[in-house]
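Engineer: Before anything else, here's the structure in question.
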Amino acid sequence: MKKLAIVIGSKTGHTAKVAHRLAETLRRCYQDVEVFNVLDVSTSLPESLERFDRFLVGAPIYCGEYPELFLDWMSSHRDELDSKGFAFFSIGLIDEALHPTGRLFHMLRLVPSHVATFHGTVSHRKWGWLQSVVLRYYSRNLGLLFARDRDYELTNWAMVDAFAESLAGAECGSGGSVKRPDRQQAA
Ligand SMILES: Cc1cc2nc3c(=O)[nH]c(=O)nc-3n(C[C@H](O)[C@H](O)[C@H](O)COP(=O)(O)O)c2cc1C
């Protein structure tokens with residue numbers, strides 16, 4: 001059985017929560033599943049990701065973009081992601097069509113095997129004053145209204161589980177390898 005690295009860029013923990021939920025299902029068909037948060041300074045990334053056979057990569061949107069350190073990680077591991085294959089999930093409050101996923105893969109010239117977008121959280125209690133103000137500015141521009149005095153967890157966990165099942169099915173269902181789309185098709 002193969003080894004999977006789930007590499008995320010979570011600032012306030014929600015993407016990490018989604019990653020661990022995905023990992024639960026994926027442990028059924030990978031010998032080893034490890035989660036690495038490139039934004040968590042308390043846990044260092046392994047020097048080499050050579051021992052992993054496949055990647056699942058995920059990040060939240062902040063001010064219309066994925067976190068910079070996460071983007072740096074993706075750029076510097078571009079060739080490894082391309083050669084071994086990877087799936088991607090994106091977290092945000094906006095509609096799926098507005099996620100910057102297509103732009104990211106166009107820029108890096110990468111084709112993920114699977115892509116999912118999930119709704120994230122509004123966590124005033126975790127965020128500082130400035131983060132709440134910035135989020136309010138962005139959400140108002142996007143026509144989203146959130147009360148200031150309560151938090152929201154908008155993730156549809158059934159969708160997260162369905163994504164995990166589809167990855168597991170592709171990896172260890174029939175034939176045992178993740179199906180990658182035709183490069184021409186995705187371009
Ligand atoms: C300052 C700030 C800016 C944000 N900007 C966006 C945005 O532009 N688009 C969006 O969909 N979500 C935005 N969000 C929501 C985050 O993507 C959401 O809270 C996510 O769950 C955070 O994930 P994390 O806990 O893994 O960092 C923003 C949140 C904050 C605090």
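Engineer: How far apart, in nm, are the 7 Å Cα→Cβ label points at SER83 and LEU142?
Structural biologist: Taking the simple label geometry, SER83 and LEU142 are separated by 3.6 nm.
Engineer: Next up: I want to verify a result. In a Gaussian network model of the chain, Cα cutoff 10 Å, which of these has the top mean-square fluctuation: PRO46, PRO60, PRO112?
Structural biologist: Result: PRO46 has the largest fluctuation of those listed.
Engineer: Okay, moving on. Can you give the longest run of the chain that contains no GluC sites (Glu not before Pro) sitting in a DSSP loop with at most 14 other Cβ atoms inside 10 Å?
Structural biologist: 51-187
Engineer: In addition: Dividing the convex hull volume of the alpha carbon atoms of the chain by its residue count, what do you get in Å³ per residue?
Structural biologist: Hull volume over Cα atoms, normalised by residue count, gives 122 Å³.
Engineer: Any idea what the dipole of the chain comes to, in debye rounded to 20, about its Cα centre with Lys/Arg Cβ at +1 and Asp/Glu Cβ at -1?
Structural biologist: Result for the chain is approximately 280 debye, rounded to the nearest 20.
Engineer: Let's test the formula: R0 of 25 Å, r as the Cβ-Cβ distance of ARG103 and HIS20. What FRET efficiency results, to the nearest 0.05?
Structural biologist: According to the calculation, E is roughly 0.35.
Engineer: I'd like the trypsin sites (Lys or Arg not before Pro) in the range 39-118 restricted to DSSP loop residues with at most 13 other Cβ atoms within 10 Å, sorted by number. Show your work: numbers first, answer last.
Structural biologist: Numbers: sites: ARG51, ARG54, ARG78, LYS84, ARG103, ARG109; in loops: ARG51, ARG109.
Those satisfying the criteria are ARG51, ARG109.
Engineer: Let me ask something else. Distance between Cα centroids, the range 103-179 to the range 1-55: provide it in whole Å.
Structural biologist: After rounding, the separation between the Cα centres reads 16 Å.
Engineer: Whose amide H sits under 5 Å from the amide H of LEU56, counting only residues 5 or more places off or on another chain, with H placed in the peptide plane?
Structural biologist: ALA5, ILE6, VAL7, ALA87
Rule-based calculations on the coordinates, nothing more; no lab input. Just so it is clear, the model here is predicted, and its values are computed rather than measured. A quick note on method: Cβ atoms are made from the backbone with ideal geometry, for glycine too, and the neighbour counts reach across all protein chains shown.
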